[in-house]
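I have placed the structure first, in the form of structure tokens, so that the comments after it can refer back to it.
FYI, it's all coordinate maths here, none of it is from the lab. Being a predicted model, the structure only gives us computed values, none of them experimental. Every residue, glycine as well, gets a Cβ built from its backbone with ideal geometry; the counts of neighbours run over all protein chains shown.
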Amino acid sequence: MPVVLRAEAADGGPSLLLRSWTDSDADALVEAYRDPVLRAWTRLGVPDAEAAAHWVEVQRAGWESGTRLSFAVLEEEPGGGGRLAGNVVLKRPEPAGPAGEVGYWTAAHARGRGVAPRALQVLTDWVFESFAAGGVEYLELMHQVDNTASCRVAEKAGYGFERILPAVPPFPRDGHLHLRWAAGGPVRG
């Protein structure tokens, strides 16, 4: 059954709809990728419709395997539908393990309006509610050290700074590791 999540309107911004990616999102995905800031911080790589269709298929396969649960984030519009504002994702390469990793990106038109922290908060709440019985104890969020906007998003969504991670290809710079715990307790590892 498809999962649909919502974030209520806040701070003058529209409500957000989080849903699975569909083939009809390809054009909006290519448009978002035209933004040089997005390309600088992500490995999205969807310069054309063919690449976008492949990316959407990878997201669909992630849902089927349970290892990558990716949501298109839409700014809801009156009457239904909405404009693509970004992406949030839960990555669980070991679905039975205690940890997951979250990630996100925001389209240029949606930046600076609280879209990323609100979408990340909704995803986080859903993960801890839906996967608690499966053993998810904490979530990791990583970004490059010089991505101050991502650091602010992490903090707004309750992900505390844990430590600096050394650069590992394909990432050219050191990174920040932020953590958020399901029960507010320490990470056991």
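At a glance:
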read-out: Ranked by how many other beta carbons lie within 10 Å on average, peptides 49-62, 141-154, 158-171 from highest; value: 141-154, 49-62, 158-171
read-out: Which of 107, 148, 132, positive extreme of dipole for the chain (C-beta unit charges); value: 148
read-out: Backbone HN-Hα couplings from phi across segment 26-39 [Karplus 6.51/-1.76/1.60, Hz, Gly and Pro as x]; value: 4, 5, 5, 5, 4, 4, 4, 5, 5, 6, x, 5, 4, 5
read-out: Simple spin-label estimate for residue 83 and residue 53 in nanometres, 7 Å along Cα-Cβ; value: 2.7 nm
read-out: Modelled label reach - residue 63, point 7 Å along Cα→Cβ, segment 87-111 residues with backbone N closer than 17 Å; value: 87-92
read-out: Theoretical ellipticity at 222 nm over the chain - DSSP helices of four or more residues, -39500 (n - 2.57) apiece, nearest 500; value: -9000 deg cm²/dmol
read-out: Electrostatic dipole magnitude of the chain [Cβ: Lys, Arg +1; Asp, Glu -1; Cα centre; debye, to 20]; value: 440 debye
read-out: Separation between Cα centres of segment 121-157 and segment 9-66, rounded to whole Å; value: 19 Å
read-out: Contact order relative to length of the chain, as percent, for alpha carbon pairs under 8 angstrom and 6 or more apart; value: 16 percent
read-out: Diffusion constant of segment 5-181 at 10 °C, which comes from Stokes-Einstein with the Kirkwood Cα-pair radius and 1.306 mPa s, µm²/s; value: 96 µm²/s
